[in-house]
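Structure first, commentary second.
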Amino acid sequence: MTRGVIAVAGSSGLIGSALVSALRTADNRVIRLVRRTPANADEVFWNPETGEFDWRTLQGVDAVVNLCGVSVGSKRWSGAFKQSLRDSRIEPTELLADSALAAGVPVLVNASAVGFYGNTHSRITDETTVAGTGFLAQLCIDWEAATATADDGGMRVVLARTGLVLAPSGGMLGRLRPIFGVGLGARLGSGRQYMPWITLEDEVRALLFALSHDELSGPVNVTGPAPVTNGEFTEALGRALHRPTPLAVPGFALRAALGEFADEGLLGGQRAIPAALEAAGFTFHQRTIGEALSYVTAPNAA
């Protein structure tokens, strides 16, 4: 991508930290938006909860990447936690969209998720698929709508609808690997629900691609080209770790343990494909779940 100045919100998470590293490796200047006292000239304070942010700090910035959002699977879905999921996404996005437009930033790449589509069962889902129903779908609808100021103002806005990110450490695989490693890996429910996945490497490469390709705007599925069912994923991870996976966790047990999140986050899914990315010429380094899991579970994986 062309060298420039990129502001990143949510830069300390799994995706954000990897993106910042990749941007700096490519000789971009990265401005990290932080919610504490800045430690150096490349950090800028903001507080989305109170609306504290000097939009003038974005003047001269070439693009803003917004990756803010509390993990949807980090707690049981109480009413208070569901509200925190909304507050951690919608308010920061509105503030960033308004500020970036005021500062004359030309590009906003904003995180979203394939949860936008709801549970699509085995139906192939691309960016033309309409929104689904349920809490996660409505969360994504409202999250994306929070970028409207920037879009209406003429900025190029990319809505990066990400799937399950597979990384050598951390994220979903960080939680699953110890379980599978002792032979307790299991499919969830019927195992027929689809899991749109992408490796962290390709996730970051796709975000860099979106920053530098002006033809990309609106919704972009940031997922691998070959989504698999939960059953297929379970078998593939067992093979990668050389462990058997004969077990299954019944849906009723997941619902009892996790409540509403079980149905929307684990027992439903999307057979999402990256139509917009591939049409723009993006090529994946890991195209199949076997390639992806071999890559992220390799002993020397970084």
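Miscellaneous remarks
- Residue 45 meets the conditions (1) hydrophobic (A, V, I, L, M, F, W, C); (2) within 20 Å of residue 199 (Cα to Cα); (3) touching a Pro at 6+ places or on another chain (Cβ under 6 Å) in every case but one. The failed one is (2).
- Note on region 207-248: among residues that are crowded, with 22+ Cβ neighbours inside 10 Å and small (Gly, Ala, Ser), the one that is nearest to residue 4 (Cα to Cα) is 210.
Quick grid of which residues meet (1) under 30 Å from residue 295 (Cα atoms); (2) touching a Cys at 6+ places or on another chain (Cβ under 9 Å); (3) at pLDDT 95 or above:
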{"residue": "92", "(1), (2), (3)": "no, yes, yes"}
{"residue": "97", "(1), (2), (3)": "no, no, yes"}
{"residue": "108", "(1), (2), (3)": "no, no, yes"}
{"residue": "128", "(1), (2), (3)": "no, no, yes"}
{"residue": "150", "(1), (2), (3)": "no, no, yes"}
{"residue": "157", "(1), (2), (3)": "no, no, yes"}
{"residue": "162", "(1), (2), (3)": "yes, no, yes"}
{"residue": "177", "(1), (2), (3)": "yes, no, no"}
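- Among residues of region 170-200, those that are over 18 Å from residue 240 (Cα atoms) and surrounded by fewer than 24 Cβ atoms within 10 Å (Cβ to Cβ), counted: 6
- Residue match in region 201-219 (condition: within 19 Å of residue 10 (Cβ to Cβ), under 15 Å from the mean Cα position of the chain (by Cα) and among the small types (Gly, Ala, Ser)): yes
- Search result, residues across region 11-24 that are closer than 18 Å to residue 174 by Cβ and either in a loop (DSSP other than H, G, I, E, B) or at pLDDT below 95 (or both): 12, 13
- Checking each residue in region 25-43 for being open to solvent by 50 Å² or more (accessible area, probe 1.4 Å) and either farther than 26 Å from residue 213 by Cβ or in a helix (DSSP H, G or I) (or both) picks out 25, 35, 36, 37, 38, 39, 40, 41.
- Tallying residues that are part of a helix (DSSP H, G or I) and in contact with a Leu (Cβ under 6 Å, 6 or more places away or on another chain) within region 208-247 yields 5.
- Selection count where residues are more than 27 Å from residue 210 (Cβ to Cβ) and either in contact with a Lys or Arg (Cβ under 7 Å, 6 or more places away or on another chain) or of a type in the set (D, E, K, R) (or both), scope region 262-281: 2
- Restricting region 44-75 to residues that are hydroxyl-bearing (Ser, Thr, Tyr) and under 22 Å from the mean Cα position of the chain (by Cα), the residue that is surrounded by the fewest Cβ atoms within 10 Å (Cβ to Cβ): 74
- All positions within region 24-43 that are of a type in the set (Asp, Glu) and more than 23 Å from the chain's Cα centre (by Cα): 27, 42
- Considering region 70-187, the qualifying helices (runs of 4 or more DSSP H), each wholly inside and each with 1 or more residues that are without any contact (Cβ under 8 Å) to a residue 40 or more places away in the chain, run over 79-87, 135-145, 148-152, 171-181.
- Within the set 78, 88, the sole residue that is closer than 26 Å to residue 31 by Cα and either at pLDDT 95 or above or surrounded by fewer than 16 Cβ atoms within 10 Å (Cβ to Cβ) (or both) turns out to be 88.
- Subset of region 44-69 (residues that are among the polar types (S, T, N, Q), touching a residue at least 24 places away in the same chain (Cβ under 8 Å) and assigned to a strand (DSSP E or B)): 66
- When 17, 21, 11 are checked against the criterion of being open to solvent by less than 20 Å² (accessible area, probe 1.4 Å), within 22 Å of the chain's Cα centre (by Cα) and hydroxyl-bearing (Ser, Thr, Tyr), 11 stands alone in meeting it.
- If you go through region 121-138 and keep only what is aliphatic (A, V, I, L, M) and open to solvent by less than 30 Å² (accessible area, probe 1.4 Å), you end up with 136, 137.
The values are calculated or read from the model by the stated rules, or taken from the named source; none is laboratory data. Just so it is clear, the structure is predicted and the values come from calculations on it, not from any experiment. Note that each Cβ is placed from the backbone with ideal geometry, even for glycine, and that neighbours are counted across all protein chains shown. Quick note on the areas: whole protein, heavy atoms, side chains included, nothing else; ligands and nucleic acids left out. Shrake-Rupley method; radii C 1.70, N 1.55, O 1.52, S 1.80 Å.
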